[in-house]
Every structure is written in structure tokens, then in C-alpha cells.
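Only one structure is covered here, and it is reproduced in the block below.
The values are calculated or read from the model by the stated rules, or taken from the named source; none is laboratory data. In this text, all values refer to a predicted model and were calculated from it rather than measured experimentally. Here the Cβ positions follow ideal geometry from the backbone for every residue, glycine too, while neighbour counts run over all protein chains shown. Surface accessibility is based on the protein's heavy atoms, side chains included, excluding ligands, DNA and RNA. Shrake-Rupley method; radii C 1.70, N 1.55, O 1.52, S 1.80 Å.
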Amino acid sequence: MAHELSTDDLLPIGRVARRSGVPVSTVRYYDSLGLLPSVRSPGNTRLFPRHALRRIAFIQVSVRYGLSLAAVAELFADLPDDRPPSREAWRRISAAWADELARRQEVLTRMQDELTGCLGCGCLSQDRCVVVNSQDKLGEDGAGPRRVLPAAAAALGRN
Ligand code: FES
């Protein structure tokens, strides 16, 4: 059920920027990406509902922790523009955000596990180095220097 925003609920862009601590250009950019709810005044000024401040805070924290604005847009996709999101809506977003961070943590842990042996090793072995040949992908193509042979053949005109 939509409800009408009163003028008391609406803030001009300069006030949104001051209250949220980001430049006006940033508010404008977020708005251009559809991350913020906004309406036009009768004089064609862009106005933002107060609950846009919470979205900006969420965006700032998300970006600081490495989420892209596209990922934030996905999280915001189901939020209503015409009223403040419910506690349940923010809880869902928060849970999705936590899932994404857990996924990233898993990737970083795997990278750390795989690379720890390589840091300080430097052998770049085709047989065992995950940096050079993760999961022995080159071995699936056959024996020999798989990266060198095509280049050498091309140089000799034997494609
Ligand atoms: S550099 Fe030696 S195993 Fe990766």
C-alpha cells in the first residue's frame, strides 16, 4: 500500500548531502543509478525522502567493504521507493549482504591457502604451482610447454 510523501518527508539534494556526509555529486550519481528514491517538486527540483539517508549510509558501508554499486542495486531492487523500508526488508538485505561477505571470505581463504606455499617459493612449476597452472589445466592439453608451442609454431609460420 503506497502512501503519499508529505513535503516534511522530502529533502533537497544539498540537505541530503550534508546529512549523509557525501558530496552533492555523489548523491546525484547514486540517484542516476536508481539507488535512491526521489521525486520532482512542482518547480522541477529533485527531492529525496528522508529514508534515502539510510540507503546512502548502506551504500557507503557496502562500497567500503568492496561491494560494487551494481551489487548494491541488486540488494535494493525490492525496496519500496514510496515509503521507508520495513525492518523485515532491511533484515533481508542484511542477510544477503552477510551471505555475499561470507562467499568473499571463502574465496580469500582459498586463495590464502593456495598461495601461501607460493609466496617465497618462486619456482613457478607447471606441475605443482597453483599460480602458473591451477588444477593442472595445461596438463589436460597434453605434454610439453603448452604455452610456448603455439607461439613458437606461429613464429615459424606453422599454424
Ligand atoms: S611458485 Fe613454487 S609452487 Fe608456486
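For Ala98, put the label point 7 Å out on the Cα→Cβ axis and report which residues of the range 37-67 keep their amide N under 15 Å from it. None, by backbone N distance to the label point.
With all protein chains in place and ligands, DNA and RNA left out, the 1.4 Å accessible area ranks Asp82, Asp127, Asp99 as Asp127, Asp99, Asp82, largest first. FRET efficiency for the pair Arg87 and Arg19, taken as 1/(1 + (r/R0)^6) with r the Cβ-Cβ distance and R0 = 35 Å, rounds to 0.95. A Förster radius of 35 Å, combined with the Cβ-Cβ distance separating Thr109 from Arg50, puts the computed FRET efficiency at roughly 0.30. Over all pairs of different C-alpha atoms in the range 7-116, the reciprocal of the mean inverse distance, the Kirkwood hydrodynamic radius, equals 15.2 Å.
Going by accessible surface with a 1.4 Å probe and the largest first, Asp9, Asp141 read Asp141, Asp9.
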